[in-house]
Amino acid sequence: MKDSDINPLEDTESAAALAYAADRRANIATFVRTNPDYYAAMFDKIGASSKFVPTINLMAGLFGPVWFGARGLWNWALAFLILETLALVQIARGLFGDLAADAMARIASIEGTLELRRQQLAAAIESGSDRVDAFRRTVESLEANIGGIRAEAEAMAAEGPTIALTGLVLLILAKIAQAVIANTALEARFSEWLSDRSIRSGMPPQHIVLSAIFMGLIVATAMVHYSFPGRFDLLSTFPTDPDIRLTGIAWVEDFIAWTVRNTEAFFDALTFGIRTLLDALEVILVQTPWIVIASLIVLLTWLTAGLRTAIYSSAFLAYMGLLGFWEAAMTTLALLGTAACLSIVIGIPLGMFAARRPRFYAFIQPIMDFMQTMPAFVFMVPVIAFFGVGKPAAVIVTMIFGGTPVVRLTVLGLRGVPESVREAAISFGANKWYLLTKVDLPLAGPSIRAGINQTIMLSLAMVVVASLIGAKGLGEDVLEALQYANVGQGILAGFSILFCAMILDRIVQGARK
């Protein structure tokens with residue numbers, strides 16, 4: 001072959017390929033630290049196809065969650081730990097567990113009652129009482145019950161080998177799955193490691209020990225607890241002292257009492273303000289002739305959401321009026337309007353203030369998480385302590401539950417304003433007020449209106465709960481239906497709440513569009 005026949009481009013590509021392969025092999029060796037040749041071959045096999053390529057990793061299959069944990073694949077480690085723990089618990093229960101323990105405990109409890117009834121029967125026979133037949137039937141029934149439970153206990157005890165075999169099959173399947181998935185999961189982590197070297201690599205001894213100890217404790221504890229139920233109180237009952245709870249209750253009550261005594265004027269003023277706004281809305285919605293309010297609602301719906309939605313709103317209002325829910329619905333809307341207005345008036349400025357102050361938003365975010373996640377019946381207790389029972393307390397409860405979305409979405413909308421737009425406005429001489437009113441708020445408007453919509457909907461969801469502390473309206477009808485099992489009234493009142501929500505949602509959504 002002549003020198004002229006040699007293609008320099010092919011030589012360059014071949015050299016580049018060899019360099020890439022050598023570099024990749026070096027990276028794999030650095031990442032896995034152990035058995036690099038095996039993992040290099042497996043990673044190349046997996047990376048050569050876009051589909052799932054099954055491979056076998058015997059070490060992963062043998063050591064299971066310990067291998068995954070040591071490699072830093074904790075999402076897989078925890079999932080397989082649950083499967084293996086379940087399998088080992090089943091094996092231990094089937095081989096060593098007392099499967100009839102619960103049934104024998106029930107038999108012991110019934111035998112105590114049976115002995116008492118036998119004594120009563122003997123006394124009735126001796127005294128010639130007319131309740132002899134009743135006591136005899138009770139004794140026979142208890143004896144038959146004990147016989148049935150004893151047969152059930154024997155059947156459960158006989159199921160031990162089946163339970164153990166089921167656990168063994170599950171353990172084998174889990175081991176096979178771990179062996180098949182291990183290389184693919186590790187290759188995905190290797191790909192992440194190539195772009196982020198802060199990801200842990202290799203199998204450090206301390207991680208192996210930590211993973212083994214953690215997995216061993218979990219498995220051993222679960223096996224002992226489920227195989228020998230009730231044998232170890234520490235595994236079934238958290239070690240505590242009733243005095244701890246009693247002391248905590250006393251501290252909380254003392255704190256609430258001290259706060260109520262020292263902030264009475266503030267909460268009285270707040271209650272007066274809420275009641276004033278609520279009374280004004282009730283005058284408008286409840287005492288105004290129904291035809292005026294209905295016409296205004298239909299007109300507003302038509303202007304914001306269109307003719308078809310206005311027709312639907314007319315039907316919904318007719319439904320509430322014909323079934324006698326008009327006054328209750330208007331009372332509900334007054335309560336909702338008070339809570340929503342206060343939430344919006346407080347929430348939007350708060351969101352505007354927090355949008356450009358990350359530390360302040362990081363401070364209030366856990367508070368808002370608490371407000372949204374804490375069950376309403378829990379924070380209803382301190383609200384009653386400060387505001388008493390009645391509509392102002394219901395407004396506060398509704399605000400706590402439904403007031404956070406407007407803050408969150410205001411922050412989200414303002415932070416989503418493109419910096420290029422703000423910089424352009426500043427470069428043309430815009431001051432802070434102009435930047436806020438002409439740039440930030442208009443661009444964040446859809447997000448803010450979505451927050452208003454969510455606040456209104458969540459506030460309406462509190463209608464029934466608020467009725468527990470004195471709020472009138474549709475929630476009271478639903479609560480009464482629950483108390484007296486009046487299915488018809490509950491369903492009809494529930495549809496009224498639904499229709500109120502649909503009308504408000506269409507109005508707000510129409511305004512957004």
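Filtering the range 137-169 to residues that are within 20 Å of residue 121 (Cα to Cα) and in contact (Cβ under 8 Å) with a residue 12 or more places away in the chain leaves 138, 139, 142, 143, 145, 146. Entry remark, the range 351-366: residues being surrounded by 15 or more Cβ atoms within 10 Å (Cβ to Cβ) and either without any contact (Cβ under 8 Å) to a residue 60 or more places away in the chain or farther than 22 Å from residue 436 by Cβ (or both) number 5 in total.
Only one residue in 167, 112, 94, 160 is over 39 Å from the mean Cα position of the chain (by Cα) and modelled with pLDDT of 75 or more, so which one is that? Before you say what the answer is, go through the steps one by one.
Working: 167 fails: over 39 Å from the mean Cα position of the chain (by Cα); 94 fails: over 39 Å from the mean Cα position of the chain (by Cα); 160 fails: over 39 Å from the mean Cα position of the chain (by Cα).
Going through 167, 112, 94, 160 in turn, just one is over 39 Å from the mean Cα position of the chain (by Cα) and modelled with pLDDT of 75 or more: 112.
Report, by residue number, each residue of the range 272-308 that is among the hydroxyl-bearing types (Ser, Thr, Tyr) and either more than 37 Å from the chain's Cα centre (by Cα) or at pLDDT 85 or above (or both). Quick ask: steps written out before the conclusion?
Of the residues in the range 272-308, the ones among the hydroxyl-bearing types (Ser, Thr, Tyr) are 276, 288, 295, 301, 304.
Correct list: 276, 288, 295, 301.
For the range 231-249, a residue qualifies if it is farther than 21 Å from residue 381 by Cα, surrounded by 10 or more Cβ atoms within 10 Å (Cβ to Cβ) and over 29 Å from the mean Cα position of the chain (by Cα), and the qualifying residues are 231, 232.
From the list 252, 260, exactly one residue is over 31 Å from the mean Cα position of the chain (by Cα) and assigned to a helix (DSSP H, G or I). Which is it?
Numbers: 252 fails: over 31 Å from the mean Cα position of the chain (by Cα).
260 is the lone residue from the list that is over 31 Å from the mean Cα position of the chain (by Cα) and assigned to a helix (DSSP H, G or I).
Taking helices (runs of 4 or more DSSP H) as the structural unit, those lying wholly within the range 37-125 and holding at least 1 residues that are free of Cβ contacts under 8 Å to residues at least 40 places away in the same chain and polar (S, T, N, Q) correspond to 74-96.
Name the helices (runs of 4 or more DSSP H) wholly inside the range 367-461 in which the number of residues that are buried (at least 16 other Cβ atoms within 10 Å of the Cβ), touching a helix residue (DSSP H, G or I) at 6+ places or on another chain (Cβ under 9 Å) and of a type in the set (Val, Ile, Thr) is 1 or more.
Values: elements: 376-387, 391-402, 404-415, 419-427, 441-460.
In the range 367-461, the matching helices (runs of 4 or more DSSP H) lie at 376-387, 391-402, 404-415, 441-460.
Only one of the listed residues (387, 360) is more than 26 Å from residue 440 (Cα to Cα) and of a type in the set (Phe, Trp, Tyr). That residue is 387.
The values are calculated or read from the model by the stated rules, or taken from the named source; none is laboratory data. Bear in mind that the values here come from a model prediction, so they are computed numbers and not experimental data. Cβ coordinates were reconstructed from backbone atoms using ideal geometry, including for glycine residues, and neighbour counts include every protein chain displayed.
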